Amino acid sequence: MTSLIGGLVFCISFLALEVQATYRPFGGYHPRQHQADSPIVPRQTFQRSFQQQQPFQSVQQETHCKSRPLDLVFIIDSSRSVRPQEFEKVKIFLADMVDTLEIGADATRVAVVNYASTVKIEFLLKTHFDKPGLKAALARIESLAAGTMTGLAIKTAMEETFTEGSGARLTNKNIAKVAIIVTDGRPQDTVEEVAAAARAAGIEIYAVGVDRADMKSLRLMASLPLDEHVFYVETYGVIEKLTSKFRETLCGVDACALGHDCDHICVNNNSNNSYGCKCREGYTLNADKKTCSPGSLQNQNQNQNQNQNQNQNQNQNQNQNGSGSNELQSSPGCRARALDLPWLSTVPRASAWTTLSW
């Protein structure tokens, strides 16, 4: 009996081992063995490879506005109160501003006036017409130290940079003249009169104050309305945040992209943020300035003249054919029948008077 039980136990154990070997769970996966056999992938490498395998792009794309052409002069304070690392922040801000604008001879031109107790024109509006050269010139600017002659800097910008000889464009071309002043202190000279003269000359002034900047002076310098032309940041470390604000202010509106009703071609007018319509070759813009008709303007005029002649002939025929009916309407009998209409007496006099008054 004992041997029989022992044999059964042996058979059952052997059968269990066979089942485990045949139907091993998770396909033979063993955590320790897997860790030993698989290479360790750093987390950063995994994230980078995962991003590379993404089959789609982010919905939010970086967009660049279509800026209106400007003659733009930066007037930057590099006095002793501006530490070297802070001045580097200012140059980064200027470079970021350049990135948001369309730079070129027929687009936006940029000049920089650097000042402390003295004033230095770093480069003129006619110097750089491409972004790489312009940004390289910005990187080479060095601080001047000493005092804060803001009024003298504004005067220099008005008289020596916003001139035709320095690259500024003529007033009749509707190119806006814009000055952006960046300062962190109180001016050591008078700014009210010279800023007023600059504004009277057509220069739009934005005043950016940092840290210890004197708000009263900023308001005396800036153009109206003040809430759109005076900015303040607590430190140079956050001055770059103003880039987006100026981007909204200085960028023109793509009127065609906002919607238009041109028949063929929409053309932006950047000088006043409007649009006009054009026609494709072989078509002419109609009098409504929106729709197009096939053929030249001369052919259209000929067709209009022909239509007018046809209308005149039709009117003459109608006058000749309608002479009998006119005699009928003028007869006493017709007038009597018209007056005997029963519904005529039911028309309120007030309604008739209102209609006549209108």
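Observations on the model:
- Highest to lowest packing among 71-84, 154-167, 224-237, scored as the average C-beta count within 10 Å: 71-84, 154-167, 224-237
- Gained length - HIS264 relative to GLU142, 0.36 nm times residue gap less alpha-carbon distance: 38.7 nm
- Separation of the alpha carbons by more than 27 angstrom is noted, of LYS126/LYS289; LYS91/LYS173; LYS177/LYS278; LYS126/LYS278; LYS173/LYS278, for LYS126/LYS289; LYS91/LYS173; LYS177/LYS278; LYS126/LYS278.
- Summarising the strand pairing of the range 70-250, around 15 percent of its internal DSSP beta bridges are antiparallel.
- Overall form of the range 70-250 per C-alpha gyration tensor (a/c, 1.5; a/b vs b/c): rounded
- Taking a sphere under 13 Å around the Cβ of GLU192 and counting the other residues whose Cβ falls inside, with K and R at +1 and D and E at -1, yields a net charge of +1.
- Under-5 Å amide H pairs with VAL73, H placed in peptide plane, nonlocal only: ALA111, VAL178, ALA179, ILE180
Only the coordinates and a few stated rules stand behind these numbers; no lab work does. Just so you know, these numbers come straight off a predicted model, no measurement behind them. Quick reminder, even Gly has a Cβ in these numbers, built from the backbone with ideal geometry, and neighbours come from all protein chains shown.
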